[in-house]
Every structure is written in C-alpha cells, then in structure tokens.
Amino acid sequence: MARLSLFNSPLLLGFDHFERTLDRIGKQAAEGYPPYNIEQLGEDRLRITVAVAGFGLDDLDIQIEHNQLTVRGRRKEDPDRVYLHRGIATRQFQRSFVLAEGVEVTGAALDNGLLAIELVRPPVETSMRRIAIKGVAGERRAALVTGGSRKEDQ
C-alpha cells in the first residue's frame with residue numbers, strides 16, 4: 001500500500017526534508033526511557049532535562065548531527081558487585097530530539113541525576129528581495145516579493 005504524503009501538494013515545494021523529519025519523530029515516539037522535560041526559559045531559550053539517575057559523566061554522550069540532538073547513556077558494569085535485587089534501571093539508552101534550523105546547544109550539566117541541556121533559538125529574520133520578470137518582448141517589470149504577498153513596480 002502506498003504511503004500518503006503530508007506534503008503532496010504542488011504548492012509545497014522543497015518541503016521533503018520536513019517529511020523525513022516527521023518520519024524520524026514518529027519512529028521515536030514509542031521511546032519511554034529515560035523520561036525528560038522541555039522547558040521554555042525565555043523568549044529564545046530552552047532547556048531539555050533528562051532523568052539519568054545512576055549514570056555518571058563518563059557514562060553519557062551528547063551529539064548533534066543534521067539538526068538531531070542525541071543523548072546516549074551506557075553504564076559500565078562492575079564485575080565485583082553482586083546484586084540480591086536490582087530495581088534501579090541502568091540499561092543503556094538513546095534519546096533523540098529534532099532541533100529546528102538555527103537552534104544551538106550552549107551547554108550541558110549533570111546535577112543530582114538530571115542532565116540539563118541548554119538551547120538557544122535565534123530570532124526569526126524576515127527577508128525581502130526583488131525578482132525581475134522578463135516579458136516575451138524583452139520588457140521588464142520587477143516584482144516585490146514579501147512573505148506571501150506580491151507588489152508590482154512599473
């Protein structure tokens with residue numbers, strides 16, 4: 001059965017990377033460990049807090065690749081330790097977050113079993129430029145393109 005595309009409209013040109021991103025997010029939605037929070041700290045600042053109790057600095061790794069932030073945890077087993085009961089989860093994990101274009105990670109800190117990752121979102125800049133329109137007879141008219149509207153100059 002063919003998959004329906006959300007961006008199948010001829011009016012949505014160049015949005016295939018959004019579709020791939022949504023596919024990645026859908027596959028990750030089933031992940032439940034470790035739990036996390038996302039906080040908005042200001043107009044342009046965010047914090048992701050991941051509960052990583054039992055993991056130390058050497059057990060954690062944070063990477064960014066193609067706008068995807070990935071947090072990995074892997075504890076090294078202590079062969080001298082014998083457990084009579086093991087109820088604290090220390091299994092390895094990988095938690096991924098898709099970042100919007102331009103979002104930057106400014107730092108990370110581990111405190112009391114919580115890994116806090118600080119993010120900054122740049123302000124949105126609007127751009128405007130003129131596009132020259134050539135007629136069949138060689139006449140020119142410049143069109144001012146702004147957002148979704150178009151104003152013509154003679």
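Quick look at the values:
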{"quantity": "Hits in segment 122-136 (condition: in a loop (DSSP other than H, G, I, E, B) and among the hydrophobic types (A, V, I, L, M, F, W, C))", "calculated": "V124, V136"}
{"quantity": "Q94, sole failed condition from (1) in contact with a Leu (Cβ under 9 Å, 6 or more places away or on another chain); (2) surrounded by 12 or more Cβ atoms within 10 Å (Cβ to Cβ); (3) at pLDDT 90 or above", "calculated": "(1)"}
{"quantity": "Scope segment 74-102; condition farther than 16 Å from L60 by Cβ, touching a residue at least 24 places away in the same chain (Cβ under 8 Å), of a type outside the set (D, E, K, R) and in a loop (DSSP other than H, G, I, E, B); matching residues", "calculated": "I88, L99, A100"}
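Condition check ((1) within 18 Å of L119 (Cβ to Cβ); (2) assigned to a strand (DSSP E or B); (3) modelled with pLDDT of 90 or more; (4) in contact with an Asp or Glu (Cβ under 9 Å, 6 or more places away or on another chain)) across all residues:
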{"site": "S5", "(1), (2), (3), (4)": "no, no, no, yes"}
{"site": "N8", "(1), (2), (3), (4)": "no, no, no, no"}
{"site": "T21", "(1), (2), (3), (4)": "yes, no, no, no"}
{"site": "K27", "(1), (2), (3), (4)": "no, no, no, no"}
{"site": "N37", "(1), (2), (3), (4)": "yes, yes, yes, no"}
{"site": "G42", "(1), (2), (3), (4)": "yes, no, yes, no"}
{"site": "V50", "(1), (2), (3), (4)": "yes, yes, yes, no"}
{"site": "A53", "(1), (2), (3), (4)": "no, no, no, no"}
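The values are calculated or read from the model by the stated rules, or taken from the named source; none is laboratory data. Values in this document were obtained by computation on a predicted structure and should not be read as measured data. Backbone-built Cβ (ideal geometry, glycine too); neighbour counts: all protein chains shown.
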